[in-house]
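Please treat every number below as a calculation from the coordinates, not as lab data. Note that the structure is a prediction, hence the values are computed from the model and not measured. Cβ sites come from the backbone with ideal geometry, for glycine too, and all protein chains shown count toward neighbours.
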Amino acid sequence: MPDLGSRPTAPSAPRVRSAYRLVLPPGWVLIPVGESAEQAITNLIDRQFAGLPNDSYGPQKKRLGDGLRTIAAEARQAGGIDLIFPLAMPWLVPVSAGIVVSEVRTDAPSGTAVALLVERMQVRQPNATSAVTRAGRCVRELVDLPRADQLTVAAVAAVRTVHYTWPVPGAPGTFLVAALTISGQPITEFEPIVEALTELFDVMMESVVWS
C-alpha cells in the first residue's frame, strides 16, 4: 500500500471531485475514499470472499477490511479521492504497490496560468519530465528513495515514487495528482519488479481520460 504521509494537506475549501476514467489491469481495483468508501470496501470484501466459509476466513476478511478502512481514512485526510491497488501480486516476493489519486487546489486564476505553472513544475524538479496521455499533457516525476543504512535485508520500505500531475479542464487552479508508491526490500534482485510496476503505472496513466 502507498505511503500516505507525504501527500498534500487537504484544502479547506470545498472541492469538486475531478471526473476521470482509466483502464485498470486485471487484479487491480479502485475504491473511493470519500463518503462512499465504507460501502465500496464492504462490496469489495464481500466479492473477494464470496462462497468462502466465514468460520475459516472470517478473521482474514476482518483484517483486510480494517486495513482498507484505515488506509482510506488516511488518504481522505491527506486530500485523496481514490485508492488504486492490486488485490494480489503475480510474484511471491515482498514488493507491493499502491496509488493515491488526489485533487490539489492552487491560486492559479486561469487555465493559462495553470499551464505556466505546469511548465515551472517541470523545470524546478530535476526528476520531472513532460508526459502525453489521453487526458492531455502532464508532468511526470520519478524519485528513487535513498536506502537507509539501518535497513536490514528483511526490512520493507518505500523504494520509489512516481507522480503524474494534470491540470483539470474547466477547473482553473485545480490539479489531479496520481501518486504511485512502490515498497519492498532494498535488494538488487527485486529491481526488475520495481521497473515492471513503474512501466505498468505509466501505461495506466496513459489511459486516463476526462469524463
> Amide H of VAL29: which non-local residues (sequence gap of 5 or more, or other chain) have their own amide H closer than 5 Å, using H built in the peptide plane?
Replying inline: PHE85, LEU87
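Quick one: length gained pulling GLU38 to ALA50 fully straight, 0.36 nm per residue minus the C-alpha distance?
That pair, GLU38 and ALA50, stretches by 2.5 nm at full extension.
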> Going by how many other beta carbons lie within 10 Å of each one, how would you line up ILE84, ILE99, fewest first?
Replying inline: ILE84, ILE99
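By the scheme Lys and Arg +1, Asp and Glu -1, what is the net charge of all other residues having a beta-carbon under 11 Å from that of SER207?
Once positives and negatives cancel, what remains is 0.
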>> Just to verify a number: FRET efficiency for VAL203 and ASP107, C-beta to C-beta distance, R0 = 30 Å, to 0.05?
In response: 0.35
>> Give me the net charge for the shell around PRO25: Cβ to Cβ below 13 angstrom, other residues only, Lys and Arg +1, Asp and Glu -1.
In response: -3
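Find out how many positive minus negative residues lie around SER56, taking Lys and Arg as positive, Asp and Glu as negative, among other residues whose Cβ is under 15 Å from that of SER56.
Value of the local net charge: +2.
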>> Which of ASP107, ASP82 has the fewest other C-beta atoms within 10 Å, and how do the rest follow up to the most?
In response: ASP107, ASP82
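Within a 10 angstrom radius of the beta carbon, how do ASP144, ASP55, ASP46 rank from fewest other beta carbons to most?
Result, fewest neighbours first: ASP55, ASP46, ASP144.
Determine the gain in length on full extension of the stretch ASP144-ARG120; use 0.36 nm per residue of separation and subtract their C-alpha separation, reporting nm with one decimal.
Fully extending the segment from ASP144 to ARG120 adds 6.5 nm.
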